[in-house]
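Report on the following structure.
Each reported figure results from applying straightforward, stated rules to the coordinates on display, with no laboratory input. All values derive from a computational prediction rather than experimental measurement. A quick note on method: Cβ atoms are made from the backbone with ideal geometry, for glycine too, and the neighbour counts reach across all protein chains shown.
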Amino acid sequence: MKQIFSGKLLLLLVVLSVPVFSRAADLENTAAQNQAVLKNPAALFGNKFFYEPNPPASFSAATPEGAVTIHTTVKPEIQQRLMNIFSRSGPLIAAAVVLDAKTGAVLAMGNQATKTGTGLLPEGAGNYCLYGGFPAASLIKIITASVGLEMKGFDTGHLEPVSGRYHTLYRSQVGIEHSPYKPEMVPLDKAFALSINPYFGKMWLDSFTDKDFLDFSQQLQFNKNLEFDLPVTKSRVIAPADAFERAEVASGYNTRTTISPLHAALIAAMPSNGGRIMRPYIIDHIVDANGKIIYSHITKTLAQPLSPRSVAQLAELMQGTVKSGTARGSFAPINQIGAANGWLMGGKTGSIDLPEHTGRCDWFAGFGQSGQTSVAVACILIHGSQRTMRSSYVGAEMIRAGLDPAGTYKLPAVKHVNKPAPKKTPAVVAVQQSSKTPSPQTSQPAKTKKKRGTPSQHTGG
């Protein structure tokens, strides 16, 4: 009797194990088949596919093996809303990506560029969403904050001394030449929301080693070939040479740290997908002329750099940006919709001049979550002499599109109140005249600049 029972048990274990081995074999076979089919995936998409106002979600293409039909993950209603926003404005370059945060599927990916823009950065003109040469600016503060949360056990109330202006970075502000003068103790949540440069410089100098930051950056896929269906330029973090360079890298106050919009969206997705970096994809499946599936995507996690505790803390930091920080103006109407419908939204802004000050980078990367639906967005705009719109506005609209593609929820009506114009007293006139001075990044007196040492880059939230 015991032998019969043992035999049945063994047979049961064998039967139960077959699907497991079969599924593993299927995945291996699918991966091998995919690699064989996608020898040159970029050739499947037309030269202007990612510039079209309404690119097809499915389309046919000719290959050496015969005609195929490519079924993408693009959602036409989201893609069209993105391109409509771009068409209403005129930055030198505009590029944005919308992802399903949990799977990495590309829901929208679009570009717009003027002749000046394409001449400015010609190496990315095929698809700027995949161009990893854009300065990351203050988006890098997501990494700096994550290193503190994950590797050092900091929380959102972690304090650092800050002196001077929030959006400058001088040696004196991070205590290299001398201690900061009359510092203000600032918590991490405030520093992140307002994008305070000296705070993050001090955080690295006080608490991190170079290895801490560089190793964590590598987990986030910097200095690697990012896996995707199409070629992506590497995002880069270069090891700092001295203490002040560490402060520059930590705060994004340099043009050497670079990132692509696609990569930025993957990082911004972490608070809503459990702290994972997903392999992004835009091709869902491909069928041949006989209707046979010859390629099928595989959902894949590239890295899991954040623990559940750190995920929750990072989500809180990023929510502060859109509620009370540098993106609050752009998100004000969307926040009212979100509050009424239980949406969670967060992000990070960034701005910096391109090398040689040929254009102004304006970044937003963020996430939105409603129930089981989670999206991540990254947008970069390159402005010329005049800013046309904010990337945070594009980000807010794309999060809204991702969470409400049918447009069910309407923006609250804006009430206009006519107020009598105040009388212009001499004091008021003086203030108004002073407001016509150059922007903060160029308005410092020459004497002060010479004395303190002007930073090499102009950056802000």
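Projecting the Cα positions of 282, 305, 343 onto the charge dipole of region 223-343 (unit charges on Cβ atoms of Lys, Arg, Asp and Glu, taken about the Cα centre) puts 305 furthest along the positive direction. Is the shape of region 304-355 best called rounded, prolate or oblate, per the rule: a/c under 1.5 gives rounded, else a/b larger than b/c gives prolate, else oblate, with a ≥ b ≥ c the square roots of the Cα gyration tensor eigenvalues? Oblate, since a/c reaches 1.5 and b/c is not below a/b. Within the shell defined by Cβ-Cβ distances under 12 Å, the residues around residue 109 carry a net charge of -1, with Lys and Arg each +1 and Asp and Glu each -1. When the C-alpha to C-alpha distance is required to be over 26 Å, the pairs from 141/323; 75/190; 48/292; 48/141; 182/202; 224/300 that qualify are 75/190; 48/292; 48/141. In summary, region 37-126 shows an alpha-carbon radius of gyration equal to 1.18 times the 2.2 N^0.38 Å reference for compact globular proteins.
Taking a ≥ b ≥ c as the square roots of the eigenvalues of the alpha-carbon gyration tensor, region 206-365 is classed oblate because a/c is 1.5 or more while a/b is no larger than b/c.
Could you tally the net charge around residue 376, taking each other residue with its Cβ under 15 Å from the Cβ of residue 376, Lys/Arg +1 and Asp/Glu -1? Display every interim value, and only then the final one.
Details: positive: 75, 102, 276, 279, 348, 400; negative: 100, 397.
Around residue 376, the surrounding residues sum to +4.
With a/c under 1.5 counting as rounded, go ahead and sort region 348-405 into rounded, prolate or oblate using the C-alpha gyration tensor (a ≥ b ≥ c being the square roots of the eigenvalues; past the cut-off, prolate if a/b is larger than b/c, else oblate). Prolate, because a/c is 1.5 or more and a/b exceeds b/c. The calculated Kirkwood hydrodynamic radius for region 147-299 is 17.6 Å, given to one decimal from all distinct C-alpha pairs. Each label point was placed 7 Å from the Cα along the Cα-to-Cβ direction; for residue 357 and residue 227 their separation is 4.4 nm. The local environment of residue 256, defined by Cβ-Cβ distances under 10 Å, has a net charge of -1 under the rule Lys, Arg +1 and Asp, Glu -1. Placing unit charges on the Cβ atoms of the charged side chains and taking the dipole of region 41-186 about its Cα centre, the candidate lying farthest along the positive direction among 168, 151, 62 is 168.
What's the exposure ranking of 343, 363, going from fewest to most Cβ atoms within 10 Å?
Details: 343 20, 363 28.
The order, fewest Cβ neighbours first, is 343, 363.
The order of 168, 321, going from fewest to most other C-beta atoms within 10 Å of their C-beta, is 168, 321.
Summary of the geometry: region 94-139 and region 330-353, compared by the centres of their Cα atoms, lie 21 Å apart.
Please rank 377, 147, 311, 249, fewest neighbouring Cβ atoms within 10 Å first, as an exposure proxy.
Numbers: 377 34, 147 24, 311 21, 249 27.
In order of increasing Cβ crowding within 10 Å: 311, 147, 249, 377.
Placing unit charges on the Cβ atoms only, positive for Lys and Arg and negative for Asp and Glu, gives region 191-344 a dipole magnitude near 180 debye about its Cα centre.
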